[in-house]
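Chemist: Pasting a structure below so you can have a look.
Throughout, read-outs are computed from the coordinates displayed, never taken from laboratory work. Because the structure is a prediction, the values reported are computed rather than measured. In this analysis, Cβ positions are derived from the backbone assuming ideal geometry, glycine residues included, and neighbour counts consider all displayed protein chains.
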């Protein structure tokens, strides 16, 4: 079975917020591209990192571990992590792993960006 290419596109939405658009599968093998995307999003003045899961195909425990790594790095940089586009299945996983306590979960990009601007 061919492996799905994982891409992480970084968009500047304001001086203080960046969106990382996740497309494909997020597994432990995604580490280099995810950390590169976080590095591109983590510029001076950015207070919020918004993760878009709208185009996520699959995420396993290794992918959850990578999200925790991003969360820790963001917290070290005094940044909030927000997310939108999670399916019901992945929302439940965020609840079970208590990631929803640390990551602001929103229904839409507009809601996530509004919360990002409040940071």
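Chemist: Hey, residue 8 hits all of (1) surrounded by fewer than 21 Cβ atoms within 10 Å (Cβ to Cβ); (2) farther than 21 Å from residue 117 by Cβ; (3) in contact with a strand residue (DSSP E or B) (Cβ under 6 Å, 6 or more places away or on another chain) but one; which does it fall short on?
Modeler: With (1) surrounded by fewer than 21 Cβ atoms within 10 Å (Cβ to Cβ); (2) farther than 21 Å from residue 117 by Cβ; (3) in contact with a strand residue (DSSP E or B) (Cβ under 6 Å, 6 or more places away or on another chain) applied to residue 8, the lone miss is (1).
Chemist: Quickly run through the range 68-79 and pick out the residues that are buried (at least 20 other Cβ atoms within 10 Å of the Cβ) and either in contact with a helix residue (DSSP H, G or I) (Cβ under 7 Å, 6 or more places away or on another chain) or farther than 19 Å from residue 30 by Cα (or both).
Modeler: Taking the range 68-79 and keeping what is buried (at least 20 other Cβ atoms within 10 Å of the Cβ), we get 70, 74, 79.
The answer is 70, 79.
Chemist: Okay, next question. Here is a check on your reading of the model: is residue 54 surrounded by 19 or more Cβ atoms within 10 Å (Cβ to Cβ) and closer than 17 Å to residue 20 by Cα?
Modeler: So residue 54 does not fit the description; no.
Chemist: From the set of residues in the range 89-110 that are in contact (Cβ under 8 Å) with a residue 24 or more places away in the chain and closer than 14 Å to residue 53 by Cα, which is surrounded by the fewest Cβ atoms within 10 Å (Cβ to Cβ)?
Modeler: So in the range 89-110, the residues in contact (Cβ under 8 Å) with a residue 24 or more places away in the chain come out as 90, 93, 97, 99, 102-104, 106, 108-109.
After this cut, where a residue has to be closer than 14 Å to residue 53 by Cα as well, the list is 90, 93, 103-104, 106, 108-109.
On the way: 90: 20, 93: 17, 103: 21, 104: 19, 106: 19, 108: 11, 109: 18.
Applying the filter and picking the extreme gives 108.
Chemist: Are any residues in the range 1-40 closer than 23 Å to residue 87 by Cβ and in a helix (DSSP H, G or I), and if so, which ones?
Modeler: 28, 29, 30, 31, 33, 34, 37, 38 - these are the residues of the range 1-40 that are closer than 23 Å to residue 87 by Cβ and in a helix (DSSP H, G or I).
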